[in-house]
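*Asks:* The structure follows.
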Amino acid sequence: MGNVRTGEIRALTGLRIVAAMWVVLFHFRPLIWEASPRLKDDLAPLFDAGAQGVDLFFILSGFVLAWNYLDRMGSQWSGRATLHFLWLRLSRVWPVYLVTMHIAAAWIIFTLHVGTVPSPDVEKLDAISYARQLFMVQLWYEPFFDGTSWDGPAWSISAEWLAYLLFGGIILVVFRMSRVTRARTLMLLAFAAALPPTVLLLASGHLYTPWSWLPRIVAQFLAGVLACAAVRRLHLGKRAQYAAGFAATLLTAAIVGILYYYDANPVAGMVDPGGVVALLFMPLVVTLSIGIGSLPALLSTRLLVYGGQISFSLYMVHEIVHTSWNWAVQEYQIDLPASVQKLVVVSLIAAAVACAMLLFHAVEEPARRWMRRMVDFRDVQHDVHTGPPAAESNRLASIDQARDARPPRSSARAG
């Protein structure tokens with residue numbers, strides 16, 4: 001897109017909170033259905049598929065990292081640059097990961113000493129599990145992700161860490177591919193890269209099979225990287241950008257429509273037929289990254305961009321809020337009328353968001369800046385002269401600003 005190769009794509013930042021809330025609602029749905037059975041009739045197809053918000057995160061991660069690092073790391077191998085990249089990724093995820101991991105451990109210990117209902121995760125609280133989780137490798141030894149982490153969602157961070165370790169090699173290959181491959185071919189390769197999880201789903205009828213997490217992270221992450229390489233070769237005029245924005249709206253409607261279609265028309269032998277919508281995630285990310293118009297504009301609003309910024313903290317903390325309430329209900333045999341249950345569900349989700357905001361401002365951002373200063377003296381100078389830096393993506397030129405600065409073109413072409 002023009003000459004800008006790094007920076008925040010605000011619509012994709014806003015998409016992060018949509019993906020995070022999709023996962024949150026997936027986990028909270030038993031409480032939601034109990035509080036409002038009518039909502040189950042209306043929203044079950046959408047909420048039941050919320051676990052796939054993780055797949056959307058995997059694609060987003062590959063796309064955004066390629067957007068910021070393809071030129072920096074792709075032209076030649078550099079051990080120093082790779083280590084620098086890995087440290088910056090650690091600075092982004094490790095602080096919140098460690099805090100929520102230890103909160104989850106403290107909660108398990110709390111249930112051992114208070115009441116009569118110890119957490120079912122008590123048996124997982126051992127030294128080996130601690131060491132594996134500390135270094136974010138706990139998932140690498142297990143065919144299924146359930147029960148691998150004290151804080152349930154942390155399994156996906158272990159998967160992401162594997163993708164980060166592979167990124168230095170992936171980016172070398174994709175950089176060279178992008179120099180000799182047209183944009184539409186790269187887009188087709190990105191679509192093909194995203195296929196393995198869906199192929200496995202169609203073969204077994206299940207989204208969760210032994211080691212299925214591995215093709216999910218590798219395939220979706222690689223698809224995101226390839227899709228970004230394709231986008232960087234595009235030169236779009238305003239008409240094409242508006243068309244992409246409209247296509248993003250259609251893709252969103254198609255995702256929702258497919259989920260409701262399969263709910264009304266179940267497929268024999270298919271337990272998770274709605275999983276096929278993952279094939280539309282990569283085109284959705286692409287069209288949002290290059291499009292303008294209603295949906296990209298909505299996701300680029302200040303509120304949703306802020307939501308995207310706190311989305312990782314929300315993703316990591318919400319299940320702790322959820323499981324602690326479930327424990328309290330069981331321990332104290334809480335039985336509330338439906339009207340009060342509705343208020344409780346809303347309050348729990350609001351509490352999760354509030355905890356996410358606290359984590360973001362008190363842990364995620366300060367720790368990220370502190371860890372960055374260890375390897376990047378320029379950030380120290382920035383702090384001394386101008387105060388705290390903003391998030392990495394905000395300090396770089398925004399792609400949205402680049403669009404506005406570029407003269408319009410009448411057609412789109414692949415490089």
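*Asks:* Looking at Leu303, is it aliphatic (A, V, I, L, M), modelled with pLDDT of 95 or more, in a helix (DSSP H, G or I) and closer than 21 Å to Gly7 by Cα?
*Replies:* yes
*Asks:* Go through Glu365, Glu331 for me and flag whichever is in a helix (DSSP H, G or I), surrounded by 13 or more Cβ atoms within 10 Å (Cβ to Cβ), at pLDDT 90 or above and within 23 Å of the chain's Cα centre (by Cα).
*Replies:* Glu365
*Asks:* So which residues in segment 247-272 are within 21 Å of the chain's Cα centre (by Cα) and of a type in the set (A, V, I, L, M), if there are any at all?
*Replies:* Within segment 247-272, Ala248, Leu251, Ala253, Ala254, Ile255, Val256, Leu259 meet the criteria.
*Asks:* I've got another one for you. Which residues, counting only those in segment 281-301, are buried (at least 18 other Cβ atoms within 10 Å of the Cβ) and hydrophobic (A, V, I, L, M, F, W, C)?
*Replies:* Of everything in segment 281-301, those that are buried (at least 18 other Cβ atoms within 10 Å of the Cβ) and hydrophobic (A, V, I, L, M, F, W, C) turn out to be Phe281, Met282, Leu284, Val285, Val286, Leu288, Ile290, Ile292, Leu295, Leu299.
*Asks:* Let me ask something additional. Quick one: Pro120 ticks every box in (1) over 19 Å from Phe58 (Cα atoms); (2) in a loop (DSSP other than H, G, I, E, B); (3) touching a helix residue (DSSP H, G or I) at 6+ places or on another chain (Cβ under 8 Å); (4) not polar (S, T, N, Q) except a single one, so which number is it?
*Replies:* Going through the list (1) over 19 Å from Phe58 (Cα atoms); (2) in a loop (DSSP other than H, G, I, E, B); (3) touching a helix residue (DSSP H, G or I) at 6+ places or on another chain (Cβ under 8 Å); (4) not polar (S, T, N, Q), Pro120 breaks only (3).
*Asks:* Next up: Have a look at Ala227, Ala219 and point out the one that is of a type in the set (A, V, I, L, M) and touching a Pro at 6+ places or on another chain (Cβ under 6 Å).
*Replies:* Ala219
*Asks:* Based on this model, can you work out whether Leu98 counts as under 17 Å from Gly152 (Cα atoms), surrounded by fewer than 18 Cβ atoms within 10 Å (Cβ to Cβ) and touching a helix residue (DSSP H, G or I) at 6+ places or on another chain (Cβ under 6 Å)? Quick ask: steps written out before the conclusion?
*Replies:* Details: under 17 Å from Gly152 (Cα atoms): yes; surrounded by fewer than 18 Cβ atoms within 10 Å (Cβ to Cβ): yes; touching a helix residue (DSSP H, G or I) at 6+ places or on another chain (Cβ under 6 Å): no.
Answer is no for this residue.
*Asks:* A further question follows. Kindly establish whether Arg80 is farther than 21 Å from Glu319 by Cα and more than 20 Å from the chain's Cα centre (by Cα).
*Replies:* Judged against the criteria, Arg80 is a match.
*Asks:* A follow-up question, please. Going residue by residue through segment 315-323, is there one that turns out to be part of a loop (DSSP other than H, G, I, E, B) and within 20 Å of the chain's Cα centre (by Cα)?
*Replies:* For segment 315-323, residues part of a loop (DSSP other than H, G, I, E, B) and within 20 Å of the chain's Cα centre (by Cα): absent.
*Asks:* Now, a different point. Among the candidates Leu358, Leu343, which residue alone is more than 19 Å from Met101 (Cβ to Cβ) and either assigned to a helix (DSSP H, G or I) or free of Cβ contacts under 8 Å to residues at least 60 places away in the same chain (or both)?
*Replies:* Criteria check complete, one pass: Leu343.
*Asks:* Go through Val64, Val23 for me and flag whichever is modelled with pLDDT of 95 or more, within 18 Å of Ile349 (Cβ to Cβ) and under 12 Å from the mean Cα position of the chain (by Cα).
*Replies:* Val23
The values are calculated or read from the model by the stated rules, or taken from the named source; none is laboratory data. Fair warning: this is a prediction, and the values are worked out from it, not measured in the lab. Every residue, glycine among them, receives a Cβ derived from its backbone with ideal geometry; neighbour counts consider all protein chains shown.
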